[in-house]
Amino acid sequence: METVILVDENDHVMGSLEKLQAHQDGRLHRAFSVFVFDSTGRLLLQRRSSTKYHSANLWSNTCCGHPRPGESVSFAAHRRLREEMNFDCDLQEQFRFTYRIRLDQRLIEHEYDYVFVGECNDDPVPNVNEVSDWKWMNIDELKLDIETNHAAYSYWLQHLIVTHEAKIREAVNQKGATLPAADLKLQEQLFMLPPLPLVRQRE
C-alpha cells in the first residue's frame, strides 16, 4: 500500500493517507513532476502503462510521483526516475504549483506539485510495468500535438505546457540547451482547449 503526504495550501504537512483514498477524496497531497531534456532541448516523454489506475495509456512528462512520509521530494523524484525510466541524472527544482482536476475513474487529482528539470542525452530503457512507450519531442511539436490531439496527453502535462511554458524554457536554457521563444499565437490557440477545472497556480 502506497501512502502520500497530505499538506495544506502552504505545503505544511497535515498527515498521510493511502494514495488511492487520497485520489478518491480529492485530498491535497505532495507530488512532483520531472522534465528531462537532451542537450538540443527535446523533452523525454513517456506513455503511461495500461495498468495505471488513472490516466492509463496517456503520454506524459518524463516521470511523476509522490514522496513517501519521511522522504524528501528531491529524493523521491530521483527514486521514481530510476524506477520508471531506469536512469538518473541531476535534477533541479524550478517551481511549484497546486491544481485540482477531475480524472477518469471518478478520481480527483489535487496536488501540491514540485517541478524538476534535468538533462540526459541517452535513450532510456523504461520499466515495462510502468511505461509502455517513450519518445523525444521538442516543445513546439508537443504544443502542436496537444492542440490537435489533447486527449492523448495527461491532464497535468497539458496544464504545465500551456501555463508554465516560459518557466520550463527558462530552466532548459539555463542548462545550456536553447529553445526558441514561445509562440504567443499558438499559446492563445492552446488556451482555447476545453478548460482544465479548478487549477490553482502557486509561484
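Given Cβ point charges of +1 (Lys, Arg) and -1 (Asp, Glu) and nothing else, what value in debye, to the nearest 20, does the dipole of the chain about its Cα centre take?
Details: 23 positive and 31 negative charges, 81 e Å.
My answer is approximately 380 debye.
Which cross-chain or sequence-distant (5 or more) residues have an amide H under 5 Å from the amide H of Ile5, H modelled 1.01 Å from N in plane?
Those qualifying (amide H under 5 Å, at least 5 residues apart or on another chain) are Arg30.
From Cα pairs below 8 angstrom and at least 6 apart in sequence, can you work out the relative contact order of the chain, rounded to a whole percent?
Values: 405 pairs, mean separation 50.2, N = 203.
25 percent.
Which percentage, to the nearest 5, of the DSSP beta bridges contained in the chain is antiparallel?
Details: 31 of 41 bridges.
Antiparallel bridges make up about 75 percent of those DSSP assigns within the chain.
Taking the Cβ of Asp104 as the center, what net charge do the other residues with Cβ under 12 Å away carry, scoring Lys and Arg +1 and Asp and Glu -1?
Values: positive: Arg48, Lys52, Arg102, Arg106; negative: Glu109.
Overall, the nearby charge balance is +3.
Return the calculated 222 nm mean residue ellipticity for the chain, to the nearest 500 deg cm²/dmol, obtained by summing -39500 (n - 2.57) across DSSP H runs with n ≥ 4 and dividing by the residue count.
Working: 6 runs with 57 residues, N = 203.
Computed ellipticity for the chain at 222 nm equals -8000 deg cm²/dmol.
Among Phe35, Phe87, Phe116, whose mean-square fluctuation peaks in a Gaussian network model of the chain (Cα, cutoff 10 Å)?
Phe87
Need the C-alpha centroid separation for the range 1-57 versus the range 89-113, integer Å.
Their Cα centres are 6 Å away from one another.
Remind me, relative contact order of the range 72-126 in percent, using alpha carbon pairs under 8 angstrom and six or more residues apart? Before the final figure, lay out the partial values.
Working: 67 pairs, mean separation 20.3, N = 55.
Relative contact order comes out at 37 percent.
Identify which of Val128, Val115, Val73 has the largest mean-square fluctuation in a Gaussian network model of the chain, with springs joining Cα atoms closer than 10 Å.
Among Val128, Val115, Val73, the largest GNM mean-square fluctuation belongs to Val128.
Which of the pairs Lys52/Lys135; Lys19/Lys135; Lys19/Lys167 have their Cα atoms more than 23 Å apart in this structure?
Details: Lys52/Lys135 19 Å; Lys19/Lys135 28 Å; Lys19/Lys167 29 Å.
Lys19/Lys135; Lys19/Lys167, as the Cα separations exceed 23 Å there.
Name the residue, out of His66, His159, His29, whose mean-square fluctuation peaks in a Gaussian network model built on the chain with Cα pairs under 10 Å.
Ranking His66, His159, His29 by mean-square fluctuation puts His159 first.
Quick note: the coordinates plus some simple rules give every number you see, no bench work behind them. Fair warning: this is a prediction, and the values are worked out from it, not measured in the lab. Cβ sites come from the backbone with ideal geometry, for glycine too, and all protein chains shown count toward neighbours.
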